[in-house]
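The values are calculated or read from the model by the stated rules, or taken from the named source; none is laboratory data. What you see is a predicted model; the values in this text were computed from it and never measured. Ideal geometry is used to build each Cβ from the backbone, glycine not excepted, and the neighbour counts take in all protein chains shown.
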Amino acid sequence: MPAPASSPGSSPDPAAALARDPNALGARLREVSQEAAARPGDVRVVHAPGRVNLIGEHTDYNEGFVLPVAIDLGIAIALVPTDDRRVEMTLAATGETLGFDLDAIGAKRGAWIDYVAGTAWALAERGVETHGFRGVLASDLPQGSGLSSSAALELASSLALSGGEVPALDRMTLALTAQRAENGYVGVNCGLMDQFASAFGKAGHALLLDCRSLDHRAIPMADPDLALVACHSGSPRKLESSAYNERRSQCEAAVAEIARTDQGVTFLRDVTPEMLEAARPRLDPVVFARAEHIVHENARVLAAVAAFEADDLETMGRLFYASHASMRDLFGISSPELDALVEIAAGVPGVIGARLTGAGFGGCTINLVRRAAVPALREAVMRDYPGRTGLTPRVFEVAASDGARRIA
Ligand code: ADP
Ligand code: MG
């Protein structure tokens, strides 16, 4: 694996370095697994990245557009395949080992192994052959922070369950299978964006996905002066799953009302600003605001792609701030902490744009920054954020990276 462009630095997890060091992770596996110690030549290492979303938030389940970037933080699994239909995995960070039988996966248990078991379940449902393994997992991706550790875990697991290779599926089916694991087994009703990004990541590129047609395109981020910086608010996402489901139902409520007069509307993707305005008197004000975010956010994704392709960073910046304001004021998924991070960033010369990234309610912001201004942004956040919130932030520069793959 190439040296990372950045390191999480203040990561509290000393095992995180193993996620970037396949040799050391393989050695750790040989310590915890007799099978690996006996067959060191059969040890493989797979890796799947997390992601930031540049723009297009909560648009995926509305059949709209998203623009994520797979990043150089992710989950690595060292594994040795076995023929015993048993999966056992140890977390490098804690030493905890959990497992299951591929022929008796059973119900979810409310633990991290659910993401592995759910992936095995979803692969079997697709008719893909799976194999037992002993594995050790290391991650340098913060969990539960909107950088999509769950999708990274699903994608890394799908390779581990296929003997350390990419399963015999096209990449879109692979992403859909991982989404199915999270929806149908873990019970999280997420859209396709996260699994898509972890499967399709491409170094130096953002990834445009049309969540209706599943058409996608890699958009070069060629400007050498441009850096991507994630700022972690230090606050876990709160009320996330109930609030997420509530947003989904509000979007559906808007569609149901608009479809009474505009046939053919099946998702907010189909709704133009004019159609929405015409329906305003009939919509509950909160439902209207939710729909207004989605309708304009979809347009912002397409405008952002055009701006990227024209290397028009000023426009990108305006779109970032407009997206954040819309998530704060209309969609109601920001938090005082995320707002503080965006406000601090906006005051730093050389920061082009900032917005919350991921589902919201906590987690991270993503910042488009002129490379020379990265240290100033880091300093401003570390200096001003704790006083405003009582929380400790983390600042990482991230680089657009390749998708799930075998790395050793
Ligand atoms: P996100 O995808 O934004 O990081 P989620 O809540 O969707 O947040 O997924 C987080 C869950 O994924 C964790 O609660 C845990 O079950 C699992 N997970 C992610 N990374 C790891 C890890 N390094 N070790 C164990 N479990 C992990
Ligand atoms: Mg997730």
Per the filter on the range 153-209, residues more than 16 Å from ligand 2 (Cβ to nearest atom), part of a helix (DSSP H, G or I) and not basic (Lys, Arg) are Leu159, Ala160, Met172, Thr173, Leu174, Phe200
Residues in the range 221-247 that are under 28 Å from Arg171 (Cα atoms) and modelled with pLDDT of 95 or more total 4
Contact list, first residue from the range 301-312 and assigned to a helix (DSSP H, G or I), second anywhere and surrounded by fewer than 18 Cβ atoms within 10 Å (Cβ to Cβ), beta-carbon distance below 6 Å, six or more apart or interchain, is Ala307/Thr315
Within the range 153-178, the residues that are of a type in the set (A, V, I, L, M, F, W, C), crowded, with 24+ Cβ neighbours inside 10 Å and more than 7 Å from ligand 1 (Cβ to nearest atom) are Leu155, Ala156, Leu159, Ala160, Leu161, Leu174, Ala175, Ala178
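Could you look through the range 187-215, keep only residues that are within 22 Å of Ala168 (Cβ to Cβ) and crowded, with 19+ Cβ neighbours inside 10 Å, and pick out the one that is farthest from ligand 1 (Cβ to nearest atom)? Full working, then the answer.
First pass over the range 187-215, keeping only residues within 22 Å of Ala168 (Cβ to Cβ): 192, 195-202, 214.
If we keep only those that are crowded, with 19+ Cβ neighbours inside 10 Å as well, we get 192, 195-201.
Details: Leu192: 14, Gln195: 10, Phe196: 13, Ala197: 11, Ser198: 10, Ala199: 15, Phe200: 17, Gly201: 15 Å.
This residue is Phe200.
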Restricting attention to the range 229-254, the residues that are in contact (Cβ under 8 Å) with a residue 24 or more places away in the chain and assigned to a helix (DSSP H, G or I) number exactly 11
Residue pairs within 8 Å by beta carbon, gap of at least six or interchain, first lying in the range 131-146 and hydroxyl-bearing (Ser, Thr, Tyr) and near ligand 1 (Cβ under 7 Å from one of its atoms), second modelled with pLDDT of 95 or more and assigned to a strand (DSSP E or B), listed first then second, are Ser139/Gly74; Ser139/Ile75; Ser139/Ala76; Ser145/His232; Ser145/Cys364
Flagged pairs (Cβ under 6 angstrom, 6 or more apart or on separate chains; first in the range 350-375, assigned to a strand (DSSP E or B); second acidic (Asp, Glu)) are Arg370/Asp225
Across the range 218-274, the tally of residues that are out of contact with any strand residue (DSSP E or B) (no Cβ under 9 Å at 6 or more places or on another chain) and under 15 Å from Ile333 (Cβ atoms) stands at 17
